[in-house]
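Take a look at the structure below.
What follows draws every value from the coordinates through simple rules; no lab data is involved. Quick caveat: nothing in here was measured; it's all calculated off a predicted structure. All Cβ positions, glycine included, derive from the backbone under ideal geometry; neighbour counts span all protein chains shown.
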Amino acid sequence: MDVGILKNVPLFEGLTHAQIQKILDISATQAFEGSTHIFREGDVGDAMYVVAEGKVRISKMVPGIGEEALAVLEKGQFFGEMALIEEGPRSADAIAHIPCKVVTIRRDKLEQLLFVDKDLAYLVLWSFVRTLSARLRETNDKIKGFFAISKF
């Protein structure tokens, strides 16, 4: 796999070509047919994914309604990264929206790499902090919007 696929992932911004290659060396590529689950809500997470080709739908099952799509991710977008930080259950389903290929980065392999390469660990962990901070702000804004709408 070409380092270009990870170079454009915000989580790996600022990494050198050699550092991205190290991450690729511990990753695997998986292919999924359309409508196939990559993982299900409630599964124990042990890896993150980067869309290399195709599209992946992130969704939740809403009782009485059915599937609610939260996002459709395209090439270069990533999902499941919380599994690299914690061992909690998946919070949504990830489904191949159309046939796709994903780069899979397993937590155990990344932990081993970061233990050995402290400079890489520092950069990747700071990137995680920035990503999580941005997502928290986004969630806070959505909650504020929800409460503003609910007053009417």
Can you name every residue in segment 94-144 that is closer than 15 Å to Gly80 by Cβ, surrounded by 17 or more Cβ atoms within 10 Å (Cβ to Cβ) and aliphatic (A, V, I, L, M)?
Ala94, Ile95, Ala96, Val102, Val103, Ile105, Leu110
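Checking the structure you have, find out if any residue of segment 24-40 is over 20 Å from Glu138 (Cα atoms), assigned to a helix (DSSP H, G or I) and touching a residue at least 60 places away in the same chain (Cβ under 8 Å).
Yes, segment 24-40 contains at least one residue that is over 20 Å from Glu138 (Cα atoms), assigned to a helix (DSSP H, G or I) and touching a residue at least 60 places away in the same chain (Cβ under 8 Å).
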Name the residue that is nearest to Leu6 (Cα to Cα), counting only residues in segment 46-92 that are small (Gly, Ala, Ser), touching a strand residue (DSSP E or B) at 6+ places or on another chain (Cβ under 9 Å) and in a strand (DSSP E or B).
Ala52
Taking the options Glu13, Glu87, name whichever one is under 20 Å from Glu138 (Cβ atoms) and among the charged types (D, E, K, R).
Glu13
Step by step: first the residues of segment 46-85, then only those that are β-branched (Val, Ile, Thr) and exposed (fewer than 13 other Cβ atoms within 10 Å of the Cβ), then the one that is farthest from Arg107 (Cα to Cα). Which residue is that?
Ile65
Look at Phe147 and say whether it is of a type in the set (Phe, Trp, Tyr), touching a helix residue (DSSP H, G or I) at 6+ places or on another chain (Cβ under 8 Å) and at negative phi.
no
